[in-house]
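The values are calculated or read from the model by the stated rules, or taken from the named source; none is laboratory data. Everything numeric here is computed off the predicted structure, so don't read it as measured data. With ideal geometry, Cβ positions are generated from the backbone for all residues, glycine too; neighbour counts draw on all protein chains shown. Accessible surface is based on the protein model in full, side chains and every heavy atom, while ligands, DNA and RNA are left aside. Shrake-Rupley method; radii C 1.70, N 1.55, O 1.52, S 1.80 Å.
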Amino acid sequence: MSEKRIVVLTGAGISAESGIRTFRDGDGLWEEHRIEDVATPQAWQADPMFVWRFYQSRRRQMKEVEPNPAHHALADLADRHANFTLITQNVDDLHERAGNMSTIHMHGSLKTLRCEVSGQREERMEEHDLRDEFLTCTCCAVAQRLRPDIVWFGEMPMHIEDIYEAVEGCDTFLVVGSSGHVYPAANLVNVANAAGAKTVLVNLEAPSNADAFTEIHLGKAGEILPGILEQLS
Ligand code: BV8
């Protein structure tokens, strides 16, 4: 086991080959609305059923997709490497299903829902939990509406202290499948550079923060990642 500290950040691009649409492929719209306008507390306040249907359709899709070779390559690397941290911007569970059980979800998760009163989380992925009716919590004496357990635009990302601690202390920072549009995730490569880490990108095309990386591999993650992880460990 090498003592090198490896931190990986994934974005929507790593799930693309599993059939999950990325945010910026194609038109980045959902029912003719910009996703940045749907994934906000304001949209939930204004039209909760509209936002709820957006998430329920993505929660249902999770039952139909499988991890791809990129997810499996990262799970294999985690098995071989003692000092490994996986952070994802994604809200699907494909990293866990490939074997990365301690994945840090900085933007939340589709599998869990959150009580709007207590903030308590519960996993609700049974068939009857995936219809378009609102769901209510099991934690309050009077059941309250559950919201998606998702970090919306304008909300604070989760586990941010742990994330900065890992990135500030790493030797290699690998980003897979991210356009570098969304902050603070897109800034983590600069944090890694400042910490003296080697920064590597695997992406289909050059993202907006491409200049920040030491090494760039352009192409599909499922095809490239299995080959380059040997060099990283
Ligand atoms: C915050 C969950 C501060 C939702 C997501 C005004 C007000 C408030 C904040 C802001 C503001 N203006 C800007 C901001 C900051 C804002 C932001 O960055 N906005 C952007 C639009 C400019 N950020 C925030 O709001 C964040 N919070 O700043 O809080 C704060 C401080 C104190 C107190 C309170 C708050 C929160 C951002 C999180 C938003 N939630 N996700 C959901 O999923 O429904 S973000 C969401 O979009 C994803 O999680 C992901 O992070 C992002 C999409 O990015 P990518 O993952 O990179 O995906 P994308 O489609 O863009 O790119 C895919 C890439 O893959 C492409 O480059 C493509 O080429 C490549 N690819 C495709 N196929 C493949 C591939 N690569 C390899 N192989 C392939 N096969």
Is it the case, given these coordinates, that G196 is over 19 Å from T88 (Cβ atoms) and not in a strand (DSSP E or B)?
yes
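Yes/no per residue for (1) open to solvent by 20 Å² or more (accessible area, probe 1.4 Å); (2) in contact with a His (Cβ under 6 Å, 6 or more places away or on another chain); (3) of a type outside the set (F, W, Y); (4) assigned to a strand (DSSP E or B):
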| position | (1), (2), (3), (4) |
| --- | --- |
| A82 | yes, no, yes, no |
| L113 | no, no, yes, yes |
| S118 | yes, no, yes, no |
| E122 | yes, no, yes, yes |
| H128 | yes, no, yes, no |
| R131 | yes, no, yes, no |
| A143 | yes, no, yes, no |
| M158 | yes, no, yes, no |
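Would you confirm, using the coordinates I've provided, whether T88 is touching a helix residue (DSSP H, G or I) at 6+ places or on another chain (Cβ under 7 Å), in the same structural domain as V182 (by TED's automatic domain parsing), in contact (Cβ under 8 Å) with a residue 24 or more places away in the chain and closer than 21 Å to A185 by Cβ?
Judged against the criteria, T88 is a match.
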Restricting to segment 175-196, name every residue that is over 19 Å from G13 (Cα atoms) and free of Cβ contacts under 8 Å to residues at least 60 places away in the same chain.
N190, V191, N193, A194, A195, G196
Which of the residues spanning segment 20-68 are in a loop (DSSP other than H, G, I, E, B), within 30 Å of E223 (Cβ to Cβ) and within 11 Å of the ligand (Cβ to nearest atom)?
I20, R21, T22, F23, R24, D25, G26, G28, A39, N68
Unique match (being without any contact (Cβ under 8 Å) to a residue 24 or more places away in the chain and assigned by TED's automatic domain parsing to the domain that holds A166) among D37, D79, D47
D79
If you take the residues of segment 215-232 that are open to solvent by 50 Å² or more (accessible area, probe 1.4 Å) and modelled with pLDDT under 95, which of them is nearest to G13 (Cα to Cα)?
P226
Among (1) of a type in the set (D, E, K, R); (2) under 16 Å from the mean Cα position of the chain (by Cα); (3) part of a helix (DSSP H, G or I), which single condition is D92 missing?
(3)
Which numbered condition R21 fails, given (1) crowded, with 19+ Cβ neighbours inside 10 Å; (2) within 25 Å of V175 (Cα to Cα):
(1)
Examine segment 116-124 for a residue that is at pLDDT 95 or above and not assigned by TED's automatic domain parsing to the domain that holds R53, and state whether such a residue exists.
no
Unmet requirement for S179, which otherwise passes all of (1) crowded, with 16+ Cβ neighbours inside 10 Å; (2) more than 16 Å from the ligand (Cβ to nearest atom); (3) in a loop (DSSP other than H, G, I, E, B); (4) under 19 Å from the mean Cα position of the chain (by Cα):
(2)
Reported set for segment 192-219 where residues are of a type in the set (D, E) and within 13 Å of the ligand (Cβ to nearest atom) is E205
